[in-house]
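Reading through the structure tokens given below for one structure.
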Amino acid sequence: MKKIFSFPKSLKKVPNHYCPGCGHGIVHRLITEVIDELNIREKIIAVAPVGCAVIAYDYWDFDCSEAAHGRALAVATGIKRVQPEKIVFTYQGDGDLAAIGIAETLYAANRGENLTTIFINNAVYGMTGGQMAPTTVLKQKTTTTPLGRGSNNEGPPLKVSEILAGLDGVCFVERNAVCSPAQVLKTKKAIKKAFENQLEGKGFSLVEVLSMCPTCWGKSSEEAVKWVEEEMVKSFPLGRIKG
Amino acid sequence: MNEKKKLSSGNEAIVHAAIYAGCKFYAGYPITPQNEIPALMSRHLGSIGGVFIQAESELAAINMVFGASAAGARAMTTSSSPGISLKQEGISYIAGAELPAVIVNMVRGGPGLGNIAPSQSDYFQATKGGGHGDYRLIVLSPASVQETFDLTVKAFDLADKYRNPVMILGDGLLAQMIEQFILPKQNRKITNQKKTWALTGAKNRSPNIIRTLFLKEGALEEHNLMLQNKYRLIEKNEISFEQYLTKDADILLVAYGTMARIVKGAVDSLRSQGIKAGLFRPISLWPFPSQALKAAANDKQKLLVVEMSYGQMLEDVKLSVAGNVSVEFLGRAGGGVPREEAIIEKVKTL
Ligand SMILES: Cc1ncc(C[n+]2csc(CCOP(=O)(O)OP(=O)(O)O)c2C)c(N)n1
Ligand code: SF4
């Protein structure tokens, strides 16, 4: 009998610490499936963020470095430049990639570093308990925007993918979501493309993933999925942005 | 190639040393008075298969060094005071993750933007940790261009040996002054052991993880104790200092770096006037040569610490002699350099 579904080799068989309904676990798995399919596990060097996914290396079965909050792409640049034949990727939340690390992100992208970035947009700072993130949508309530994010106080959400797509060094940007099986499959396809681009030496690729954070959104898992589908996509339309 | 005599500035000597020591990665951000270093690194590193990056900030530069070092390369960044303040985040992570790295600070006047005059007012920051957490850098302080070369080569070796960041603490004077130094034969054998911990892809081995986060109960304390053990070993092995006419001296002057050059001149003048002065010059600022200084100070009437600061190394000197000898101080900062005449005058009033 042909085996059509199995546990990814690159994913450790351990329970994860993410909240029920969290999107991180899904994306972790997609990455490992892609790495297995491309048969690149032994060449992978990952850079974990500061955020809920800081201990991603507890789940991934390949080499990994932590980076200080926001500096993942500077660390990844250092790694890739001294080991250009390795496949280096960063996994970062919205606070990490788009607030404290926006300079490192913008410059790595603009240098056209041959790297892959998986960008988890859950519209809040998950790890620190649900504060406003750069991607918090207008009127969204967080612990630091109790009245909802205001366009003339906090400013509108930052559309990092669109900004990065405008840079010549960037070869591929796509925004996806993990709110339904169909979207999960699309996300996986984009992740695969982003790794293939690096294998082909094409430059900087980024996949943004709209991801549920039921805990900080104060929603059930079902409500969280619905909120991505119905609200979040209004500010962050899905689809290919570049490449 | 045989050894070569070269005329060069302190900044140039850093570049010669880095290349000689097998540095393969440099990232930096422009700041005076060390701009010759990135300029020369950008010219030379590529031709030996190394990587030069002008980073978007000192934060990015030090974190690129973190990555390059995690991937096994000998890596360096250089800056001056305000830039070194920005690098403290990365330095703390590098120390915590036990990565080798060489960091050069050509100190300038502070606080704040200060000025570009030579200064020694970053001593506390360099020797007491600088960033957050209980960690130490090995801090080496050259007083000449030759020594800048020698200590920078040594810094790369020590960084690998102890898996620890090493800082060269210079100043604007050292950066710019031109002296002769000897560039040894090329083809140096790099003696670092295989970096089995480096990130190279998990081929035929279990994954390597570079981390500073330890959440399991007791794990961070255990990590800290391991670091402390390493620091005790460094204190045992890596202390260096110079003594100049200290044996029969009545007055012992203590100074480091370029300040010690001026003090040496003052010691000679004092001797010619019949005053028995001597110089104790710490070369490793951390680990500080406390025992050696205590021994040297034992039979002296007085100690005089001279710094281009308002008394930073002074505290380590006082701790070393623990009240056995009285310790006087002469210091200027913010561009002021204690002059030879002022030192001589101060000694005469003691
Ligand atoms: C320099 C620094 N500032 C602040 C923090 C605290 N901190 C940890 S995670 C985090 C935000 C994480 O949010 P995000 O990147 O969106 O990831 P998520 O947890 O939502 O996945 C912050 C502010 C830190 N660790 N370091
Ligand atoms: S706080 Fe949010 S992002 Fe963090 S694990 Fe829980 S659901 Fe996931």
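The values are calculated or read from the model by the stated rules, or taken from the named source; none is laboratory data. Worth saying up front: this structure is predicted, and the values here are computed from it rather than measured. Positions of Cβ are generated from backbone atoms using ideal geometry, with glycine treated the same way; all protein chains shown enter the neighbour counts. Side chains included, ligands, DNA and RNA excluded: accessible areas come from the protein's heavy atoms. Shrake-Rupley method; radii C 1.70, N 1.55, O 1.52, S 1.80 Å.
Key figures
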read-out: Out of A:Thr136, A:Thr145, sole residue that is hydroxyl-bearing (Ser, Thr, Tyr) and away from ligand 2 (no atom under 16 Å from the Cβ); value: A:Thr145
read-out: Candidate set from segment B:47-74 (those that are in contact (Cβ under 8 Å) with a residue 60 or more places away in the chain and outside any helix (DSSP H, G or I)); member that is nearest to the chain's Cα centre (by Cα); value: B:Arg74
read-out: Residue list for segment B:305-315, filter: in contact (Cβ under 8 Å) with a residue 40 or more places away in the chain, crowded, with 16+ Cβ neighbours inside 10 Å and touching a strand residue (DSSP E or B) at 6+ places or on another chain (Cβ under 8 Å); value: B:Val305, B:Val306, B:Glu307, B:Met308, B:Ser309, B:Met313
read-out: Residue among B:Ser85, B:Ser42, B:Ser9, B:Ser69 that is surrounded by 24 or more Cβ atoms within 10 Å (Cβ to Cβ) and either assigned by TED's automatic domain parsing to the domain that holds B:Lys189 or more than 26 Å from A:Ala72 (Cβ to Cβ) (or both); value: B:Ser69
read-out: Answer from B:Glu242, B:Glu235, B:Glu179, B:Glu221 - the residue that is open to solvent by 100 Å² or more (accessible area, probe 1.4 Å), away from every other protein chain (no Cβ under 14 Å) and among the acidic types (Asp, Glu); value: B:Glu221
read-out: Residue match in segment A:55-63 (condition: in contact with a Gly (Cβ under 8 Å, 6 or more places away or on another chain), open to solvent by 10 Å² or more (accessible area, probe 1.4 Å), facing chain B (nearest Cβ under 9 Å) and under 30 Å from B:Lys24 (Cβ atoms)); value: no
read-out: Selection from segment A:27-53 of residues that are open to solvent by 10 Å² or more (accessible area, probe 1.4 Å) and not in a helix (DSSP H, G or I); value: A:Leu38, A:Asn39, A:Val50, A:Gly51, A:Cys52
read-out: Hey, A:Val228 within 16 Å of ligand 1 (Cβ to nearest atom), more than 14 Å from chain B (Cβ to nearest Cβ) and assigned to a helix (DSSP H, G or I) or not; value: yes
read-out: From the options B:Ser206, B:Ser272, residue that is under 30 Å from B:Val145 (Cα atoms) and exposed (fewer than 15 other Cβ atoms within 10 Å of the Cβ); value: B:Ser272
read-out: Any chance A:Leu11 is surrounded by 16 or more Cβ atoms within 10 Å (Cβ to Cβ) and more than 21 Å from A:Leu97 (Cβ to Cβ); value: yes
read-out: Given (1) of a type outside the set (D, E, K, R); (2) within 14 Å of chain A (Cβ to nearest Cβ); (3) open to solvent by less than 10 Å² (accessible area, probe 1.4 Å), number of the condition B:Phe214 does not satisfy; value: (3)
read-out: Condition met for B:Met76 (within 17 Å of B:Met167 (Cα to Cα), open to solvent by less than 50 Å² (accessible area, probe 1.4 Å), within 14 Å of chain A (Cβ to nearest Cβ) and at pLDDT 95 or above); value: yes
read-out: Meets criteria (touching a residue at least 60 places away in the same chain (Cβ under 8 Å), more than 14 Å from chain B (Cβ to nearest Cβ) and within 16 Å of ligand 1 (Cβ to nearest atom)) for A:Val160; value: yes
read-out: Answer from A:Leu238, A:Leu210 - the residue that is over 27 Å from A:Lys86 (Cβ atoms), within 16 Å of ligand 1 (Cβ to nearest atom) and more than 14 Å from chain B (Cβ to nearest Cβ); value: A:Leu210
read-out: Some residue of segment B:144-159 being closer than 23 Å to B:Asn63 by Cβ and surrounded by fewer than 24 Cβ atoms within 10 Å (Cβ to Cβ); value: yes
read-out: Any hit, segment A:94-108, residues being within 16 Å of ligand 2 (Cβ to nearest atom), more than 7 Å from chain B (Cβ to nearest Cβ) and surrounded by fewer than 24 Cβ atoms within 10 Å (Cβ to Cβ); value: yes
